[in-house]
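Note sheet for the following structure.
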Amino acid sequence: MDLFGKKKLRRKIEELEEKIEELEKYKKRWEKEKERYKQVVTEKQEAEKKLNKMENRVSTLRDRLEEDRKKEEEQMKKEKLGLSRAYRYLDSLSSIELGRDVFTAYRNPGNSFLNDKMTEVFLHEPLMIKSVFQTPLKLDEKEYNAKNFVTNHLKEALDRRTLFIHFSAGGSGIGIFEDREPVQTSVIKSDIKSQHKKGGYSQKRFERLREQQIRSHIEDVEEELERYLEKSFEQVVVTGTEERNEIHGKVEEDAVKVKTRKGNIAEKEDLVDSFESGMGVFHVRLDDETAEDILSNIG
């Protein structure tokens, strides 16, 4: 006989303890699930970051591939001919007798066919030749229908008596060229250091000294240039590193800037090589559609 209900209370306590134990299990399981959830969220965020990085890399690679493809296509159609090779090619084209009229057109920058910054010569023979030759040299605008291509105006520009100036901090050169041959040349040597070596001057002091040396070299080139400006020439061509812009300001306003593969000028042959490269001509082979578009625009 349970007068005070002790047995009933014990059972109640036992039931409550069982529930507490069960709740504790659920709590532990929930904490584990919560931890797993956090881990999954973290892993998801990391995966999304990696995916974004991968997508960016794929996009960059795709852009590079497209850029390379365009460059490759352009290079397949456009090539730089050195002066001697360009002259021989133009000479051979003008000597071909085709037995029917072919078309030649000269256009200045701003009115050119493919590149607003270059003078261009368009040659068209429907079955054999569809080309544009590009040069930074100044030429008069002309058009010809004749039995051969008229390239003599471009060849004459390459033959002109030219004051050619190549400026480089590592060594510069000035020359007079006529019929593509050097008549008189000068080499202005330089001892400017191109890189700072450990020890000795600090980097900032080295850079200041280098700027002073470059300024001194520019003055030496300008002094030599004064002597050449007293000579006779038909055109002025300037090439070399960016500092050439200062030299460009010392010559006639219509002086032409060209690019050359040659770096520093240490001797006469370097200047001759620079002239050969800088005075070269770009040759663009046209597809049928582009050639027809040019013809239709000419009318």
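LYS117 meets all of the listed conditions (1) surrounded by 13 or more Cβ atoms within 10 Å (Cβ to Cβ); (2) modelled with pLDDT under 90 but one, namely (1).
Would you call PHE177 surrounded by 15 or more Cβ atoms within 10 Å (Cβ to Cβ), under 25 Å from the mean Cα position of the chain (by Cα) and in contact (Cβ under 8 Å) with a residue 60 or more places away in the chain? Give the steps one after another, and end with the answer.
Details: surrounded by 15 or more Cβ atoms within 10 Å (Cβ to Cβ): yes; under 25 Å from the mean Cα position of the chain (by Cα): no; in contact (Cβ under 8 Å) with a residue 60 or more places away in the chain: yes.
Here the answer is no, as PHE177 does not meet what is asked.
Looking at ILE218, is it more than 27 Å from GLU79 (Cα to Cα) and among the aliphatic types (A, V, I, L, M)? Considered against the rule, which asks whether it is more than 27 Å from GLU79 (Cα to Cα) and among the aliphatic types (A, V, I, L, M), ILE218 comes out as yes. For segment 264-276, a tally of residues being of a type in the set (Gly, Ala, Ser) and modelled with pLDDT under 95 returns 1.
Looking at GLU48, is it on the phi < 0 side of the Ramachandran plot and at pLDDT 80 or above? For GLU48, the condition - on the phi < 0 side of the Ramachandran plot and at pLDDT 80 or above - is met. For segment 225-264, the set of residues classified as of a type in the set (Asp, Glu), over 14 Å from SER168 (Cβ atoms) and in contact (Cβ under 8 Å) with a residue 12 or more places away in the chain consists of GLU234, GLU252, ASP254, listed by residue number. Among residues of segment 134-170 being surrounded by 14 or more Cβ atoms within 10 Å (Cβ to Cβ) and among the polar types (S, T, N, Q), the one that is nearest to LEU271 (Cα to Cα) is SER168.
Can ASP288 be described as out of contact with any Leu (no Cβ under 6 Å at 6 or more places or on another chain), surrounded by fewer than 16 Cβ atoms within 10 Å (Cβ to Cβ) and within 18 Å of LEU163 (Cβ to Cβ)? Criteria not met by ASP288. Pairing residues of segment 98-122 that are in a loop (DSSP other than H, G, I, E, B) with residues that are among the acidic types (Asp, Glu), at Cβ distances under 6 Å and at least 6 apart in sequence or on separate chains, gives ASN108/GLU141; PRO109/ASP116; GLY110/ASP116; SER112/GLU120; PHE113/GLU120. Applying the condition of being over 15 Å from ARG215 (Cβ atoms) and part of a loop (DSSP other than H, G, I, E, B) to segment 171-195 and asking which residue is modelled with the lowest pLDDT yields GLN195. Looking only at segment 242-285, residues that are surrounded by 14 or more Cβ atoms within 10 Å (Cβ to Cβ), of a type outside the set (D, E, K, R) and part of a helix (DSSP H, G or I) come to 8 in all.
Report yes if some residue within segment 75-89 is of a type in the set (Lys, Arg), at pLDDT 80 or above and in a helix (DSSP H, G or I); otherwise report no. Checking segment 75-89: at least one residue is of a type in the set (Lys, Arg), at pLDDT 80 or above and in a helix (DSSP H, G or I). Checked against (1) surrounded by 13 or more Cβ atoms within 10 Å (Cβ to Cβ); (2) of a type in the set (Lys, Arg); (3) under 24 Å from the mean Cα position of the chain (by Cα), LYS130 meets all criteria but (3). Screening LYS231 with (1) more than 24 Å from VAL281 (Cα to Cα); (2) surrounded by 12 or more Cβ atoms within 10 Å (Cβ to Cβ); (3) among the charged types (D, E, K, R); (4) more than 27 Å from the chain's Cα centre (by Cα) gives one miss only, at (2).
The values are calculated or read from the model by the stated rules, or taken from the named source; none is laboratory data. The structure displayed is predicted, hence computed values, not measured ones. A quick note on method: Cβ atoms are made from the backbone with ideal geometry, for glycine too, and the neighbour counts reach across all protein chains shown.
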